[in-house]
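One structure is given here, and the rest of the page talks about it.
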Amino acid sequence: MSCELSPSASAFSSMLSAFIGSILNGLFNGFWIAFFTGWISWLAFIRILSAGLFEFYLTIRAGTNFNAANDDQYQNIDMNSINSTGSQTTGASAENRSTGAEDEEARLTQPMDPAQAHFAANDPTMFPKPPERTVTAFGWLGWAWSALYTPVSQSIWLSVNFTSDNGALQLVRALAIAVSALGLTFDYKQRYAASLGRRWGAWAFVTFNAWNSAACLLLGVEATILLIHGALHIDMKPIPLLVAYPIFAIIWATASWKFLPPIDGARPGMNIFADVLMGAFAGLFVAGPAFGLWKSEEFNNLVREKAGHMGMGYGTPGSGTSLGDFLSCESASFWEKFAAIMP
(Lines give C-alpha, C1' and ligand atoms only; values in the text may rest on other atoms or scores of the structure.)
Protein backbone atom coordinates (compact mmCIF):
# COMPACT_ATOMS: atom_id res chain seq x y z
CA MET A 1 0.00 0.00 0.00
CA SER A 2 1.40 3.37 -1.00
CA CYS A 3 1.02 6.23 1.41
CA GLU A 4 1.57 9.96 1.26
CA LEU A 5 2.05 12.33 4.16
CA SER A 6 -0.88 14.70 4.58
CA PRO A 7 -0.33 18.41 3.84
CA SER A 8 -1.34 19.13 7.42
CA ALA A 9 1.48 17.00 8.84
CA SER A 10 3.97 18.50 6.37
CA ALA A 11 2.96 22.02 7.36
CA PHE A 12 3.32 21.12 11.04
CA SER A 13 6.87 19.88 10.38
CA SER A 14 7.78 23.16 8.67
CA MET A 15 6.27 25.12 11.56
CA LEU A 16 8.43 23.20 14.05
CA SER A 17 11.51 23.69 11.87
CA ALA A 18 11.07 27.47 11.88
CA PHE A 19 10.19 27.72 15.57
CA ILE A 20 12.92 25.40 16.88
CA GLY A 21 15.46 27.01 14.56
CA SER A 22 14.59 30.43 15.96
CA ILE A 23 14.96 29.24 19.57
CA LEU A 24 18.36 27.70 18.83
CA ASN A 25 19.34 30.85 16.99
CA GLY A 26 18.71 32.84 20.17
CA LEU A 27 20.51 30.26 22.30
CA PHE A 28 23.65 30.07 20.16
CA ASN A 29 23.81 33.56 18.63
CA GLY A 30 22.28 35.78 21.28
CA PHE A 31 19.38 38.14 21.90
CA TRP A 32 20.03 40.67 19.15
CA ILE A 33 20.73 38.17 16.39
CA ALA A 34 17.48 36.35 17.21
CA PHE A 35 15.64 39.68 17.17
CA PHE A 36 17.02 40.75 13.79
CA THR A 37 16.55 37.28 12.32
CA GLY A 38 12.83 37.60 13.02
CA TRP A 39 12.79 40.74 10.87
CA ILE A 40 15.08 39.50 8.12
CA SER A 41 14.00 35.87 7.63
CA TRP A 42 10.96 36.52 5.43
CA LEU A 43 13.13 38.37 2.90
CA ALA A 44 16.45 36.65 3.53
CA PHE A 45 17.36 34.65 0.43
CA ILE A 46 19.35 37.45 -1.26
CA ARG A 47 21.38 38.06 1.91
CA ILE A 48 22.09 34.34 2.35
CA LEU A 49 23.26 33.96 -1.26
CA SER A 50 25.39 37.10 -0.99
CA ALA A 51 26.97 35.99 2.28
CA GLY A 52 27.80 32.59 0.84
CA LEU A 53 29.58 34.17 -2.13
CA PHE A 54 31.33 36.68 0.15
CA GLU A 55 32.58 33.91 2.41
CA PHE A 56 33.85 31.98 -0.63
CA TYR A 57 35.79 35.11 -1.55
CA LEU A 58 37.28 35.25 1.95
CA THR A 59 38.17 31.56 1.75
CA ILE A 60 40.02 32.03 -1.53
CA ARG A 61 41.71 35.16 -0.27
CA ALA A 62 42.91 33.48 2.92
CA GLY A 63 44.24 30.42 1.14
CA THR A 64 46.22 28.25 3.54
CA ASN A 65 47.52 31.13 5.66
CA PHE A 66 45.44 31.02 8.83
CA ASN A 67 47.41 33.96 10.22
CA ALA A 68 46.36 36.30 7.42
CA ALA A 69 43.80 39.08 7.66
CA ASN A 70 40.92 38.36 5.30
CA ASP A 71 38.97 41.56 5.74
CA ASP A 72 40.81 44.85 6.11
CA GLN A 73 37.87 46.34 7.99
CA TYR A 74 38.46 44.09 10.96
CA GLN A 75 41.30 43.02 13.21
CA ASN A 76 43.79 40.45 11.97
CA ILE A 77 42.85 36.94 13.03
CA ASP A 78 46.48 36.28 13.92
CA MET A 79 46.13 35.86 17.67
CA ASN A 80 49.88 35.31 18.06
CA SER A 81 50.74 38.78 16.80
CA ILE A 82 49.13 40.54 19.78
CA ASN A 83 49.69 39.47 23.35
CA SER A 84 47.33 39.94 26.27
CA THR A 85 48.68 43.40 27.04
CA GLY A 86 48.09 44.58 23.49
CA SER A 87 51.77 44.98 22.50
CA GLN A 88 52.97 43.64 19.18
CA THR A 89 55.38 40.71 19.01
CA THR A 90 58.08 41.15 16.42
CA GLY A 91 58.77 37.52 15.79
CA ALA A 92 58.20 33.98 16.95
CA SER A 93 60.79 31.29 17.20
CA ALA A 94 60.18 27.78 15.97
CA GLU A 95 59.90 26.72 19.58
CA ASN A 96 57.14 29.26 20.27
CA ARG A 97 55.30 28.30 17.08
CA SER A 98 55.28 24.63 18.07
CA THR A 99 53.74 25.00 21.52
CA GLY A 100 51.01 22.62 22.62
CA ALA A 101 47.45 22.75 21.41
CA GLU A 102 46.29 23.88 24.84
CA ASP A 103 48.52 26.97 24.75
CA GLU A 104 47.37 27.80 21.22
CA GLU A 105 43.73 27.52 22.24
CA ALA A 106 44.34 29.65 25.32
CA ARG A 107 45.94 32.39 23.22
CA LEU A 108 43.05 32.18 20.77
CA THR A 109 40.48 32.77 23.49
CA GLN A 110 42.28 35.54 25.38
CA PRO A 111 40.61 38.97 25.55
CA MET A 112 42.05 41.20 22.82
CA ASP A 113 41.90 44.82 23.86
CA PRO A 114 43.26 46.30 20.60
CA ALA A 115 40.99 44.07 18.53
CA GLN A 116 37.98 44.89 20.67
CA ALA A 117 38.71 48.59 20.30
CA HIS A 118 39.07 48.17 16.54
CA PHE A 119 35.71 46.40 16.35
CA ALA A 120 34.02 49.05 18.46
CA ALA A 121 35.26 51.76 16.13
CA ASN A 122 34.42 49.98 12.87
CA ASP A 123 31.42 47.73 13.40
CA PRO A 124 28.52 49.84 12.06
CA THR A 125 25.90 48.38 14.36
CA MET A 126 23.87 49.45 17.34
CA PHE A 127 25.32 46.82 19.67
CA PRO A 128 26.42 48.17 23.05
CA LYS A 129 29.36 45.76 23.25
CA PRO A 130 32.04 44.93 20.68
CA PRO A 131 31.88 41.46 19.10
CA GLU A 132 33.44 38.57 20.96
CA ARG A 133 36.38 36.92 19.22
CA THR A 134 36.61 33.74 21.26
CA VAL A 135 36.39 30.04 20.42
CA THR A 136 33.93 28.26 22.72
CA ALA A 137 32.18 24.90 22.95
CA PHE A 138 28.86 26.76 22.73
CA GLY A 139 30.01 28.37 19.50
CA TRP A 140 30.89 24.97 18.08
CA LEU A 141 27.40 23.70 18.91
CA GLY A 142 25.82 26.64 17.13
CA TRP A 143 28.05 26.10 14.11
CA ALA A 144 27.21 22.38 14.03
CA TRP A 145 23.49 23.18 13.97
CA SER A 146 23.72 25.78 11.19
CA ALA A 147 26.54 24.39 9.05
CA LEU A 148 26.26 20.62 9.55
CA TYR A 149 22.77 19.52 10.55
CA THR A 150 20.69 22.15 8.74
CA PRO A 151 22.20 21.75 5.22
CA VAL A 152 21.91 17.96 5.42
CA SER A 153 18.38 17.86 6.84
CA GLN A 154 17.00 20.56 4.54
CA SER A 155 18.62 18.92 1.50
CA ILE A 156 16.87 15.68 2.40
CA TRP A 157 13.55 17.52 2.77
CA LEU A 158 14.00 19.25 -0.58
CA SER A 159 14.86 16.01 -2.40
CA VAL A 160 11.75 14.33 -0.96
CA ASN A 161 9.29 17.19 -1.47
CA PHE A 162 10.56 19.01 -4.57
CA THR A 163 8.08 17.31 -6.90
CA SER A 164 5.15 18.20 -4.67
CA ASP A 165 2.48 20.48 -6.11
CA ASN A 166 1.85 22.06 -2.71
CA GLY A 167 3.34 25.46 -3.48
CA ALA A 168 2.31 27.01 -0.17
CA LEU A 169 4.18 24.29 1.74
CA GLN A 170 7.36 24.97 -0.22
CA LEU A 171 7.10 28.70 0.39
CA VAL A 172 6.85 28.29 4.15
CA ARG A 173 9.69 25.77 4.10
CA ALA A 174 11.91 28.33 2.39
CA LEU A 175 11.24 30.70 5.29
CA ALA A 176 12.12 27.94 7.77
CA ILE A 177 15.45 27.36 6.00
CA ALA A 178 16.25 31.06 6.20
CA VAL A 179 15.94 31.08 10.00
CA SER A 180 18.83 28.64 10.47
CA ALA A 181 20.84 29.79 7.44
CA LEU A 182 20.97 33.42 8.61
CA GLY A 183 23.21 32.41 11.50
CA LEU A 184 25.94 31.69 8.94
CA THR A 185 25.68 35.20 7.50
CA PHE A 186 26.40 37.12 10.71
CA ASP A 187 29.55 35.39 11.96
CA TYR A 188 31.69 33.45 9.50
CA LYS A 189 33.84 32.08 12.36
CA GLN A 190 37.22 32.30 10.71
CA ARG A 191 38.78 32.24 14.19
CA TYR A 192 37.35 28.73 14.54
CA ALA A 193 39.03 27.77 11.29
CA ALA A 194 42.28 29.26 12.62
CA SER A 195 42.03 27.17 15.79
CA LEU A 196 41.70 24.04 13.65
CA GLY A 197 44.60 25.19 11.49
CA ARG A 198 46.86 25.55 14.53
CA ARG A 199 45.86 22.13 15.79
CA TRP A 200 45.84 20.07 12.60
CA GLY A 201 47.39 22.18 9.86
CA ALA A 202 46.42 24.48 7.01
CA TRP A 203 44.23 21.85 5.33
CA ALA A 204 41.82 21.98 8.30
CA PHE A 205 41.69 25.78 8.06
CA VAL A 206 40.83 25.65 4.35
CA THR A 207 38.33 22.81 4.78
CA PHE A 208 36.41 24.63 7.52
CA ASN A 209 36.21 27.87 5.54
CA ALA A 210 35.18 26.08 2.35
CA TRP A 211 32.51 24.04 4.11
CA ASN A 212 31.17 27.05 5.97
CA SER A 213 30.76 29.14 2.83
CA ALA A 214 29.39 26.17 0.84
CA ALA A 215 26.78 25.46 3.53
CA CYS A 216 25.63 29.07 3.50
CA LEU A 217 25.43 29.19 -0.29
CA LEU A 218 23.69 25.80 -0.49
CA LEU A 219 20.97 26.88 1.94
CA GLY A 220 20.51 30.11 0.00
CA VAL A 221 20.13 28.18 -3.25
CA GLU A 222 17.66 25.76 -1.67
CA ALA A 223 15.56 28.58 -0.24
CA THR A 224 15.56 30.28 -3.66
CA ILE A 225 14.53 27.06 -5.43
CA LEU A 226 11.67 26.51 -3.01
CA LEU A 227 10.50 30.11 -3.36
CA ILE A 228 10.45 29.91 -7.16
CA HIS A 229 8.99 26.41 -7.38
CA GLY A 230 6.43 27.18 -4.70
CA ALA A 231 5.35 30.41 -6.38
CA LEU A 232 4.79 28.53 -9.64
CA HIS A 233 2.55 25.97 -7.91
CA ILE A 234 0.19 28.13 -5.88
CA ASP A 235 -3.34 28.27 -7.21
CA MET A 236 -3.86 32.02 -7.07
CA LYS A 237 -0.70 33.92 -8.01
CA PRO A 238 -0.65 37.47 -6.63
CA ILE A 239 1.46 38.90 -9.46
CA PRO A 240 2.20 42.26 -7.75
CA LEU A 241 3.53 40.41 -4.68
CA LEU A 242 5.64 38.06 -6.80
CA VAL A 243 7.20 41.07 -8.52
CA ALA A 244 7.68 43.09 -5.35
CA TYR A 245 9.16 40.26 -3.27
CA PRO A 246 12.60 40.04 -4.96
CA ILE A 247 12.84 43.84 -5.02
CA PHE A 248 12.18 44.08 -1.29
CA ALA A 249 14.54 41.15 -0.68
CA ILE A 250 17.35 43.11 -2.34
CA ILE A 251 16.52 46.22 -0.30
CA TRP A 252 16.32 44.14 2.91
CA ALA A 253 19.65 42.46 2.16
CA THR A 254 21.36 45.80 1.54
CA ALA A 255 19.98 47.38 4.71
CA SER A 256 20.73 44.35 6.89
CA TRP A 257 24.26 44.17 5.47
CA LYS A 258 24.78 47.75 6.59
CA PHE A 259 23.64 47.11 10.17
CA LEU A 260 24.76 43.47 10.47
CA PRO A 261 27.70 42.84 8.12
CA PRO A 262 29.29 39.38 8.15
CA ILE A 263 32.20 39.51 10.58
CA ASP A 264 34.59 37.15 12.29
CA GLY A 265 33.04 37.75 15.69
CA ALA A 266 29.95 36.94 17.76
CA ARG A 267 27.57 39.72 18.79
CA PRO A 268 27.15 39.42 22.55
CA GLY A 269 23.75 38.42 23.88
CA MET A 270 22.27 39.31 27.25
CA ASN A 271 21.95 36.04 29.13
CA ILE A 272 20.79 32.55 28.28
CA PHE A 273 17.25 33.13 29.52
CA ALA A 274 16.79 36.39 27.61
CA ASP A 275 18.47 35.00 24.49
CA VAL A 276 16.23 31.91 24.39
CA LEU A 277 13.14 33.97 25.19
CA MET A 278 13.84 36.31 22.29
CA GLY A 279 14.43 33.29 20.04
CA ALA A 280 11.04 31.90 21.06
CA PHE A 281 9.36 35.29 20.56
CA ALA A 282 10.88 35.68 17.10
CA GLY A 283 9.93 32.08 16.43
CA LEU A 284 6.26 32.98 16.79
CA PHE A 285 6.74 35.45 13.96
CA VAL A 286 8.88 33.36 11.62
CA ALA A 287 6.70 30.26 12.12
CA GLY A 288 3.51 32.25 11.53
CA PRO A 289 3.08 31.38 7.83
CA ALA A 290 3.62 27.66 8.48
CA PHE A 291 1.20 27.81 11.40
CA GLY A 292 -1.43 29.45 9.18
CA LEU A 293 -0.93 26.77 6.52
CA TRP A 294 -1.16 24.02 9.14
CA LYS A 295 -4.46 25.34 10.54
CA SER A 296 -5.80 25.77 7.00
CA GLU A 297 -4.99 22.15 6.14
CA GLU A 298 -6.53 21.00 9.44
CA PHE A 299 -9.69 22.86 8.50
CA ASN A 300 -9.70 21.26 5.04
CA ASN A 301 -9.32 17.83 6.62
CA LEU A 302 -12.29 18.55 8.87
CA VAL A 303 -14.38 19.59 5.86
CA ARG A 304 -13.45 16.40 4.00
CA GLU A 305 -14.32 14.27 7.01
CA LYS A 306 -17.74 15.91 7.44
CA ALA A 307 -18.36 15.55 3.70
CA GLY A 308 -17.61 11.86 3.99
CA HIS A 309 -20.05 11.41 6.85
CA MET A 310 -22.73 13.12 4.76
CA GLY A 311 -22.30 10.57 1.97
CA MET A 312 -20.35 12.85 -0.32
CA GLY A 313 -17.25 10.64 -0.40
CA TYR A 314 -14.66 10.26 2.31
CA GLY A 315 -11.86 12.68 1.71
CA THR A 316 -10.29 13.42 -1.61
CA PRO A 317 -7.53 11.64 -3.53
CA GLY A 318 -4.12 12.68 -2.36
CA SER A 319 -5.30 14.01 1.01
CA GLY A 320 -2.58 11.89 2.59
CA THR A 321 -2.16 10.06 5.88
CA SER A 322 -1.47 11.25 9.40
CA LEU A 323 2.09 11.41 10.66
CA GLY A 324 1.71 8.30 12.82
CA ASP A 325 0.27 6.23 9.96
CA PHE A 326 2.91 7.55 7.57
CA LEU A 327 5.76 6.53 9.89
CA SER A 328 4.36 3.01 10.13
CA CYS A 329 3.84 2.72 6.38
CA GLU A 330 6.21 0.14 4.88
CA SER A 331 6.22 1.69 1.41
CA ALA A 332 7.63 5.02 2.68
CA SER A 333 11.43 5.21 2.55
CA PHE A 334 13.67 6.02 5.48
CA TRP A 335 14.49 9.44 3.98
CA GLU A 336 10.82 10.28 3.50
CA LYS A 337 10.14 9.45 7.14
CA PHE A 338 13.17 11.43 8.25
CA ALA A 339 12.01 14.46 6.26
CA ALA A 340 8.59 14.18 7.86
CA ILE A 341 9.82 14.45 11.47
CA MET A 342 13.13 16.32 11.41
CA PRO A 343 12.97 19.94 12.67
Can you sort PHE259, PHE36 by 1.4 Å-probe accessible area, starting with the largest? PHE259, PHE36
Positive-end residue, region 149-226 charge dipole about Cα centroid, Cβ charges, pick of TRP157, ALA202, ASN212: ALA202
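Carbon and sulfur: what percent of region 204-261's accessible surface (1.4 Å probe)? It would help to have the intermediate numbers written out before the result.
Values: 2570 of 3030 Å².
That fraction is 85 percent.
Charges only on Cβ, +1 for Lys and Arg, -1 for Asp and Glu: so what's the dipole of region 128-238 about the Cα centre, in debye to the nearest 20?
On the way: 8 positive and 5 negative charges, 113 e Å.
The dipole of region 128-238 has a size of about 540 debye.
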Neighbours of SER155 by Cβ distance under 13 Å: Lys/Arg at +1, Asp/Glu at -1, summed charge 0
Once label points are set 7 Å from the Cα along Cα→Cβ at both TRP211 and ILE272, what is their separation, rounded to one decimal in nm? 2.6 nm
Among rounded, prolate and oblate, which fits region 8-68 when a ≥ b ≥ c are the square roots of the eigenvalues of its C-alpha gyration tensor, a/c under 1.5 means rounded, and a/b larger than b/c means prolate? prolate
Would you please put 239-251, 187-199 in order of how densely packed they are, using the mean number of other Cβ atoms within 10 angstrom per residue and starting with the highest? 187-199, 239-251
Spacing of the two label points (7 Å from each Cα toward its C-beta) at ILE247 and ARG199, in nm: 4.9 nm
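Would region 155-297 count as rounded, prolate or oblate if I go by the C-alpha gyration tensor, calling it rounded below 1.5 in a/c and otherwise prolate when a/b exceeds b/c, oblate otherwise? Numbers along the way, then the final one.
Values: a/c = 2.03, a/b = 1.64, b/c = 1.23.
Prolate, since a/c reaches 1.5 and a/b exceeds b/c.
The values are calculated or read from the model by the stated rules, or taken from the named source; none is laboratory data. Predicted, not measured: the structure shown is a model, and the values here were computed from it. Note that we place each Cβ from the backbone using ideal geometry, even for glycine, and neighbour counts take in every protein chain shown. Just the protein is used for accessible areas: all its heavy atoms, side chains included, with ligands, DNA and RNA removed. Shrake-Rupley method; radii C 1.70, N 1.55, O 1.52, S 1.80 Å.
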